[in-house]
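> Mind having a look at this structure? Questions to follow.
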Amino acid sequence: MKLREIAHSRTGDKGNISNISVIAYDQAQYKLIEKYVTAERVKEFFSDMVQGKVVRYTLPNIGALNFVMYDALSGGVTRTLSLDIHGKSFSSALLNMEIPNKL
């Protein structure tokens, strides 16, 4: 199934770093997201765009994961020639990730 079926996402930026949150619609789905949406999978998913490391933070009390992606915005807002200078499309793109529908 697509991640978007059980979660929504938000994106932010600071310099050349993109920050993506993945939030479960239902707390019961959090364990599924936690198991299958790893830093390694996110790094691989964005391998064409993210040149640096990806760090995952878990927020189980609110059913969310936060990913910090370094060297992800072609230099940042003031340096990139990208159309999406803030990387806002990363959140929508990540929700297209396929994950199993059971633990």
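> With respect to the numbered conditions (1) among the polar types (S, T, N, Q); (2) in contact with a helix residue (DSSP H, G or I) (Cβ under 9 Å, 6 or more places away or on another chain); (3) modelled with pLDDT under 95, which one is the sole condition not fulfilled by residue 16?
Residue 16 satisfies every listed condition except (2).
> Name the residues in the range 53-91 that are surrounded by fewer than 12 Cβ atoms within 10 Å (Cβ to Cβ), at pLDDT below 90 and not aliphatic (A, V, I, L, M), would you?
Across the range 53-91, the qualifying residue is only 78.
> What is the residue count in the range 24-63 for residues that are more than 14 Å from the chain's Cα centre (by Cα) and of a type in the set (Val, Ile, Thr)?
The qualifying residues number 1.
> If a residue must be under 26 Å from residue 102 (Cα atoms) and surrounded by fewer than 13 Cβ atoms within 10 Å (Cβ to Cβ), how many such residues does the range 4-46 contain?
Number satisfying all stated conditions: 7.
The values are calculated or read from the model by the stated rules, or taken from the named source; none is laboratory data. This structure is a prediction, so every number in the text was calculated from the model and none was measured. Heads up, the Cβs are rebuilt from the backbone with ideal geometry, glycines too, and the neighbour counts pull from every protein chain shown.
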